[in-house]
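Below is one structure, written out as structure tokens; comments come after it.
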There are 2 protein chains.
Amino acid sequence: MNIYFSGSIRGGRQDAKTYNQLIDELKKFGDVLTEHVGSSEISSEPTDREIHRQDMQWLKEANLLIGEVTTPSHGVGYEIGYAVAMGKPVFCLHQKKEEKALSAMLNGDPAIKCFEYAEIEEARAIIQNIFTNLQ
Amino acid sequence: MNIYFSGSIRGGRQDAKTYNQLIDELKKFGDVLTEHVGSSEISSEPTDREIHRQDMQWLKEANLLIGEVTTPSHGVGYEIGYAVAMGKPVFCLHQKKEEKALSAMLNGDPAIKCFEYAEIEEARAIIQNIFTNLQ
């Protein structure tokens, strides 16, 4: 099972620790191709062209995409839109925050399953349910 | 010429006035299907499912997508990713701001042409150039 985890990089890193916790949970169910998204240090060495080429390759190899969509991000949105266009299963998790509503393009897409969570334990349970229901 | 203009709604409306100015410029070159993106009042009446269905219909009818990508937005990213996957021409404009770098997925995608601008006049000139070079 190849998992593409998508989280904000340049849109803002305030949820990086959560990404790392979600990736740890996802690793119980398969290979997380984009494990660096949860890292406390993101290498700035590759060029944008190289990052895009590598991420698109991983996206094509992935069986599904899991996005953490609390922090708005063009890159996360791009990966989700492309994954939906390719017919890949897409699941989005977002934290309950009063000031930010989830994008209508994610929440309104019948091809995307969106889940809200408050605590990390709740997010772990959502991930476990996603993979239980896949089988 | 059907133009899909993409700008942040729920990601943040701080650039709404700029969207409106860009849409006014774009209207010289074709029909802007998503003119409401620049409006000072966004109707909250349609459900997210209806918003997604309508926007996807417009995206399919569009000859090209122009995105204003200064404010990070999942919806804008989604529309761009989907448009690229459909093989539509995509052009992104973003304001020069030191604190925010453009997403590598946009800047690194050879299918997307990205332009940086400081003043609205510069953005208008970029739009004029885009349409001049299309012909």
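Bear in mind that the values in this text are calculations on the coordinates, not laboratory data. From a predicted model like this one, the values you see are computed outputs, not experimental measurements. As a convention, Cβ positions derive from the backbone with ideal geometry for all residues, glycine included, and neighbour counts pool all protein chains shown.
Considering only the range A:1-31, state which residues are more than 18 Å from A:Ile130 (Cβ to Cβ), outside any loop (DSSP other than H, G, I, E, B) and not small (Gly, Ala, Ser).
Going residue by residue through the range A:1-31, those that are more than 18 Å from A:Ile130 (Cβ to Cβ) are A:8-17, A:20.
Filter once more, keeping what is outside any loop (DSSP other than H, G, I, E, B): A:16-17, A:20.
If the condition is that a residue be more than 18 Å from A:Ile130 (Cβ to Cβ), outside any loop (DSSP other than H, G, I, E, B) and not small (Gly, Ala, Ser), then A:Lys17, A:Asn20 are the ones that fit.
Going through B:Val69, B:Val32, B:Val84, B:Val90 one at a time, which residue ends up being hydrophobic (A, V, I, L, M, F, W, C) and over 26 Å from A:Leu59 (Cα atoms)?
Checking each option against the conditions leaves just B:Val32.
Looking only at the range B:32-42, how many residues end up being part of a loop (DSSP other than H, G, I, E, B) and among the charged types (D, E, K, R)?
Qualifying residue count, the range B:32-42: 1.
Out of curiosity, is A:Ala125 surrounded by fewer than 20 Cβ atoms within 10 Å (Cβ to Cβ), free of Cβ contacts under 8 Å to residues at least 12 places away in the same chain and either in a loop (DSSP other than H, G, I, E, B) or touching a helix residue (DSSP H, G or I) at 6+ places or on another chain (Cβ under 7 Å) (or both)?
Answer is no for this residue.
For the range B:73-112, what are the residues that are facing chain A (nearest Cβ under 8 Å), more than 12 Å from the chain's Cα centre (by Cα) and outside any helix (DSSP H, G or I)?
B:Met86, B:Lys100, B:Ala101, B:Leu102, B:Ser103, B:Gly108, B:Asp109, B:Pro110
Could you list, in sequence order, the residues of the range B:11-38 that are surrounded by fewer than 21 Cβ atoms within 10 Å (Cβ to Cβ) and of a type in the set (Val, Ile, Thr)?
B:Thr18, the sole residue that qualifies.
For residues in the range A:43-68 being assigned to a loop (DSSP other than H, G, I, E, B) and under 24 Å from A:Tyr117 (Cβ atoms), which is nearest to the other protein chains (Cβ to nearest Cβ)? Give the derivation first.
Keep residues of the range A:43-68 that are assigned to a loop (DSSP other than H, G, I, E, B), which gives A:43-47, A:62-63.
Narrowing the set further to residues that are under 24 Å from A:Tyr117 (Cβ atoms) leaves A:62-63.
Details: A:Ala62: 14, A:Asn63: 18 Å.
Residue satisfying both the conditions and the ranking: A:Ala62.
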